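Let me begin by presenting the structure, written as structure tokens, before commenting on it.
The values are calculated or read from the model by the stated rules, or taken from the named source; none is laboratory data. Predicted, not measured: the structure shown is a model, and the values here were computed from it. All Cβ positions, glycine included, derive from the backbone under ideal geometry; neighbour counts span all protein chains shown.
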Amino acid sequence: MPTPKRFLAFVTVCALIFSSTPRATASAYDAHPKLVVVIVLDQFRADYLERYREDFKGRGFKLFLDHGADFLDCYYNYANTETAPGHSAIGTGAYTDGNGIGGNEWWDLTRNKERPVSSVEDERYALVGVPNGGKTSPGASPRNLLASTFGDELRLDTLGASLVYGVSLKDRAAILPAGAAANGAFWIDQASGRFITSTYYMQQLPDWAETFDDSGRIDQAKQEANAPDSKNFYNDVGATPAAVSYELDFAKALITGAELGKHPTTDVLMLSISSTDILGHRVGPDSPDQRAMVDAVDTDLDDFFTWLDKNIEGGLGNVWIALTADHGIAPVPADAAKLGLNAATIDMQKLVANLNDAINMKFSPGEKVEYLLPHESLPYLALNPPPFDRAGINELEAEQAVQNALPAAFASLVKPAASTAPATAKLPPTPEMFRSYTRLQMADGQLPNTPFGQLIAHSYTPNGGWYVMVIPDAFQMAAHEGGGTNHFTPFSYDRHVPLDFYGAPFTPGVYHGRVEPVDLAATFASLLGVNQPSASIGQILTQALKPAAAVTYPKPVPVRTHPVRRRRTAESKQ
Ligand SMILES: [Zn+2]
């Protein structure tokens, strides 16, 4: 039996041994994991993963489907399913009513009377890295984001030690999910394809980014896209699989250049793949071209994950990866109409003209005042306050007048039936309005106490001045030149997105039951041991989390700091 004194020494040594053993459980503060990567597929409906599953090879999508937690029923719980709000929801764990981002752009007459401003436009922060010096384009920043992201919270909690970056072909998709405290966001100059940023983040591009831009990789992507002479990289290359590997190669250059995953605390990369959306708008979700794009993303993710496995210390075992999308997509209206759905297209110019006529009739008979602003796009119709003011009409009356005029304005889009005889074939689809809500109704919460009412409440934005939210019937959308399709509604096809996790804390398997993309930020904040983002309403996905004791990470490479330091102290005493 050891004497009490010896026993005490033994206990002390044991305590020292155990306290110096790295924590096995997740904590951002001991770099467990080294790196969190959130992959946002721009316009990617969750059913693609089932539909095209037999195409997938390697460790692309199958990393999640075979080795990760795969949530089959993830739906956005809001109604304005556009790119900027979707990316904001993923980062902030909040919807538009919490993070402020209601659309890709909106009218702000105090900032611009000619056109809507974009969600990330900011003239105070010039673009950096644009070939012409960026003088022709407004700058960019996360100025409109009213909530913190989980990356912001990680930066706050680690006093800036953790690094957070955003990457996309699109400015809004790089800037918004990363957040206001991000170290950098990179997107492309649409004409040249060069990756750029803004002075919000840095005064000049890092050397590694300039090296990438000058490496000839742009020309390689143009060649691969069969567009060697392209003067618009975004349109010509962006809509091809060549842009997916181009973007992922930039992400590798960023991870290497910024040394992500090599810090004492966890780093984060928010990576949005844009090409699925650029092509998807043109060809729709059911096109063989979009299937080829999905397959190309699978191949490129396989390559990217293999690269991470080789280049992050401890491999993929030290990385958490999430996969989701900013929104789904409607079928091309003509395709849906063939199957009998009332998938009409809406002539927006005519709709707005009809509304202006009706409002003139009410407030200024015989005149042709433009009470609605130009460049209207659903779901928010923007009102033009100055002419209403001149007519002595306040916001409440103005929005109600537009709302009241909507059913007739929609009805007058319908071509009169040729005959009243019973139809022998299916009648052509007709535009119809499903619901409308004024800004004041939304702001005051005058909404039905139902799940649908909650969708609308989550879509309230303080931006955009006076507006009326207009939702046409399911499968209907504004007509676009050249056909194609769109996303902007509260209907399931626009809200259904993948939600998948790979990494040490997640129990692999298929998970049924409704979850939301806002759960991603909430779950990561919880796992990393930081505060929830400021407006987060996400649920922590405990059903897919292993007990903490079961979470292990690859052993770190031993670092001999203690003996060295002790020896130095001993030497200095001599
Ligand atoms: Zn889109």
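Looking at the range 278-290, can you tell me whether even one residue there is under 25 Å from ASN132 (Cα atoms), within 16 Å of the ligand (Cβ to nearest atom) and surrounded by fewer than 24 Cβ atoms within 10 Å (Cβ to Cβ)?
Of the residues in the range 278-290, the ones under 25 Å from ASN132 (Cα atoms) are 278.
Subsequent filtering for residues that are within 16 Å of the ligand (Cβ to nearest atom) retains 278.
Then drop every residue that is not surrounded by fewer than 24 Cβ atoms within 10 Å (Cβ to Cβ), which leaves 278.
Yes.
Going by the structure shown, is ALA548 under 28 Å from LEU145 (Cβ atoms) and touching a residue at least 60 places away in the same chain (Cβ under 8 Å)? So ALA548 fails the test. Inspect all residues belonging to the range 49-59 and state whether any of them is among the hydrophobic types (A, V, I, L, M, F, W, C) and more than 30 Å from LYS310 (Cβ to Cβ). No, the range 49-59 contains no residue that is among the hydrophobic types (A, V, I, L, M, F, W, C) and more than 30 Å from LYS310 (Cβ to Cβ). Being in contact with a helix residue (DSSP H, G or I) (Cβ under 9 Å, 6 or more places away or on another chain) and within 16 Å of the ligand (Cβ to nearest atom) is the requirement here; does ILE329 meet it? When the stated conditions are applied, ILE329 passes them. Check whether at least one residue in the range 449-461 is without any contact (Cβ under 8 Å) to a residue 24 or more places away in the chain, surrounded by fewer than 24 Cβ atoms within 10 Å (Cβ to Cβ) and either within 16 Å of the ligand (Cβ to nearest atom) or small (Gly, Ala, Ser) (or both), and report yes or no. Looking through the range 449-461, at least one residue is without any contact (Cβ under 8 Å) to a residue 24 or more places away in the chain, surrounded by fewer than 24 Cβ atoms within 10 Å (Cβ to Cβ) and either within 16 Å of the ligand (Cβ to nearest atom) or small (Gly, Ala, Ser) (or both). Here the condition is being surrounded by fewer than 18 Cβ atoms within 10 Å (Cβ to Cβ) and either more than 30 Å from ASP473 (Cα to Cα) or free of Cβ contacts under 8 Å to residues at least 12 places away in the same chain (or both); of PRO508, PRO533, it holds for PRO508 alone.
Contact map, the range 477-488: residues that are of a type outside the set (S, T, N, Q) paired with residues that are within 15 Å of the ligand (Cβ to nearest atom) and not in a loop (DSSP other than H, G, I, E, B), Cβ distance under 6 Å, separation 6+ or inter-chain. Pairs shown: GLY484/HIS281; GLY484/ARG282; HIS487/ASP494. Taking the listed residues THR276, THR324, THR299, the one that is among the hydroxyl-bearing types (Ser, Thr, Tyr), under 28 Å from VAL518 (Cα atoms) and outside any helix (DSSP H, G or I) is THR324, with no other qualifying. Within the range 343-368, residues that are of a type in the set (Asp, Glu) reach partners that are exposed (fewer than 14 other Cβ atoms within 10 Å of the Cβ) with beta carbons closer than 9 Å, at six or more positions or on different chains, in the pairs ASP357/LYS368.
Please work out which one of (1) over 29 Å from ASP171 (Cα atoms); (2) buried (at least 21 other Cβ atoms within 10 Å of the Cβ) is the condition GLU50 fails and give its number. The single condition GLU50 does not satisfy is (2).
When PRO517 is tested against (1) within 16 Å of the ligand (Cβ to nearest atom); (2) of a type outside the set (A, V, I, L, M, F, W, C); (3) without any contact (Cβ under 8 Å) to a residue 60 or more places away in the chain, just one condition goes unmet, and that condition is (3). Quick check: is even one residue across the range 82-105 closer than 25 Å to ASP519 by Cα, free of Cβ contacts under 8 Å to residues at least 40 places away in the same chain and surrounded by fewer than 24 Cβ atoms within 10 Å (Cβ to Cβ)? Scanning the range 82-105 turns up no residue that is closer than 25 Å to ASP519 by Cα, free of Cβ contacts under 8 Å to residues at least 40 places away in the same chain and surrounded by fewer than 24 Cβ atoms within 10 Å (Cβ to Cβ).
Only one of GLY482, GLY513, GLY465 is outside any helix (DSSP H, G or I), modelled with pLDDT under 95 and touching a helix residue (DSSP H, G or I) at 6+ places or on another chain (Cβ under 9 Å); which? Show your work before the answer.
Working: GLY513 fails: modelled with pLDDT under 95; GLY465 fails: modelled with pLDDT under 95.
Only one candidate qualifies: GLY482.
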